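**Q** First the structure, then my questions, so here it is.
Values quoted throughout were computed directly from the atomic coordinates according to the rules given, and no laboratory measurement underlies them. As the structure is a computational prediction, the values presented were derived from the model and not from experiment. Cβ placement follows ideal geometry from the backbone for every residue including glycine, while neighbour counts extend to all protein chains displayed.
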Amino acid sequence: MSEPAVLFSEPGARWRMVAFGPVFCLIALIIELLTGPVVHWFALSLFAVLLSGFVYVQVVAARRHASVELTTSSLRQGTEDLPITEILKIMPPADPESYEQQPWETARSLGELSAVPRRRTGIGLRLRGGALVQAWAKDDVALREQLESLLAKSAGGSAE
């Protein structure tokens, strides 16, 4: 059986972030070699290892808990999979000018996180059982478009 096509994907974090700390330490080492009589070999090496270790843990966590993948059959938000057949309706976007929140803005966030992750925007979804939940993505406009297109196809061309 073939894998369903991926329509939208956000990894949560990129592996290149792990290299930033060692790169900055290398730049500091080069500056010390060119300008100063003292070169802090051990300290810069230690900081490079510590920084890459801490960032590695953060990248692994972000890729596990803040990644998004939409296929033709499911929406994965972090570690939670939601079958597309469970989505009844995509709620309209929140009005940034309004003082009142829409009901979906206080609904449970998909994934096991307590809220929509930072630097991501929520998208309200009404599920078949009547529950409201929030999907989320950095590029919420693209995810919304893909979800609307997918729901229109699954409803036989008529979006709800």
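**Q** For THR79 and VAL6, compute 0.36 nm times the residue count separating them, minus their Cα-Cα distance, and round to one decimal in nm.
**A** Taking 0.36 nm per residue and subtracting the Cα distance, the gain is 24.6 nm.
**Q** Continuing with the same structure: I'd like the Karplus ³J(HN,Hα) series for region 50-57: coefficients 6.51, -1.76, 1.60, θ = phi - 60°, whole numbers in Hz, and an x wherever there's a Gly or Pro.
**A** Each residue's phi maps through the Karplus curve to give 4, 4, 5, x, 5, 5, 4, 4 Hz.
**Q** On to the next question. From the helices alone, meaning DSSP H stretches of at least four residues, give me the mean residue ellipticity at 222 nm for the chain, per-run term -39500 (n - 2.57), in deg cm²/dmol to the nearest 500.
**A** Roughly -12500 deg cm²/dmol at 222 nm, from the helical runs in the chain.
**Q** At 7 Å along the Cα-to-beta-carbon direction for both LEU26 and GLU86, put a label point, then send me their distance in nm to one decimal.
**A** Taking the simple label geometry, LEU26 and GLU86 are separated by 4.4 nm.
**Q** Counting pairwise Cα distances across region 6-65, what percent come out greater than 18 angstrom?
**A** Everything past 18 Å amounts to 47 percent.
**Q** Based on the Cβ-Cβ distance of ALA115 and GLN146, what FRET efficiency does E = 1/(1 + (r/R0)^6) give at R0 = 30 Å, to the nearest 0.05?
**A** It comes to 0.85.
**Q** Can you tell me the relative contact order of the chain? Whole percent, Cα pairs under 8 Å, sequence separation 6 or more.
**A** Worked out over the chain, it gives 21 percent.
**Q** Given N residues in the chain, what is Rg(Cα) / (2.2 N^0.38 Å)?
**A** Against the empirical 2.2 N^0.38 Å value, I get 1.43 for the chain.
**Q** Among 85-98, 6-19, 116-129, how do they line up from the highest to the lowest mean number of other beta-carbon atoms within 10 Å?
**A** Those peptides, ordered most packed to least, come out 116-129, 6-19, 85-98.
**Q** Counting alpha carbon pairs within less than 8 Å and at least 6 residues apart, what relative contact order, in whole percent, applies to region 6-65?
**A** 53
**Q** Okay, moving on. If R0 is 25 Å, what FRET efficiency do you get for ALA19 and ARG108 from their C-beta distance, rounded to 0.05?
**A** Once rounded, the FRET efficiency stands at 0.10.
**Q** Express in nm, to one decimal, how much length is gained between VAL38 and THR72 on full extension, taking 0.36 nm for each residue of separation and deducting their alpha carbon distance.
**A** The span from VAL38 to THR72 would gain 6.3 nm if fully extended.
**Q** Between GLU100 and ASP139, what's the calculated FRET efficiency when r is the beta-carbon distance and R0 is 25 Å? Round to 0.05.
**A** Working from the Cβ atoms, E equals 0.45.
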